[in-house]
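The structure appears right after this line, and notes come after that.
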Amino acid sequence: MSWTFLTNHAQVLLCIARNPRVTAHDIAQTVGITERAVQRILHDLHEAGYISHVREGRHNRYTIYADRPLRHPAQQGLVVRDLLAILLNGKATETGEVATAVGSE
């Protein structure tokens with residue numbers, strides 16, 4: 001496969017939307033990138049205000065801030081929730097994290 005429609009950042013966000021307790025190892029296997037690349041993407045998403053996490057024992061639980069705007073000018077006016085609704089066929093995540101996440105400040 002030479003190219004895909006979604007960036008690795010979008011793929012990581014989808015993994016979190018499907019399972020807010022997903023591990024970096026599982027994300028890496030799903031997306032087809034290294035765990036180090038996953039860590040860089042998680043850092044990017046956190047620094048930009050798209051996700052946060054809390055430590056639960058030995059694992060993290062992620063929250064997606066679904067009211068944050070998409071970054072590309074071609075998607076002006078759309079928010080993360082719009083993208084996830086399309087890609088997840090409007091299905092709720094297992095914990096509802098996306099639906100209940102705090103909006104942008």
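Please list the non-local residues whose amide H lies under 5 Å from the amide H of Val79, H modeled 1.01 Å from N, same-chain partners needing a gap of 5 or more.
Leu70
Provide the per-residue ³J(HN,Hα) series for segment 55-60, in order, calculated from phi with Karplus coefficients 6.51, -1.76, 1.60 and θ = phi - 60°, each as a whole number of Hz, with x at glycine and proline positions.
With the stated coefficients, segment 55-60 comes to 7, 10, x, 8, 10, 9 Hz.
Shape of segment 1-47 from its Cα gyration tensor (a ≥ b ≥ c, root eigenvalues): rounded if a/c is under 1.5, otherwise prolate when a/b > b/c, or oblate?
The shape class here is rounded.
Gain in length, His25 to Thr4, computed as 0.36 nm per residue apart minus the alpha-carbon separation, to one decimal in nm?
So the extension gain works out to 5.4 nm.
Quick note: the coordinates plus some simple rules give every number you see, no bench work behind them. For clarity, every value in this text was computed on a predicted model and none was experimentally measured.
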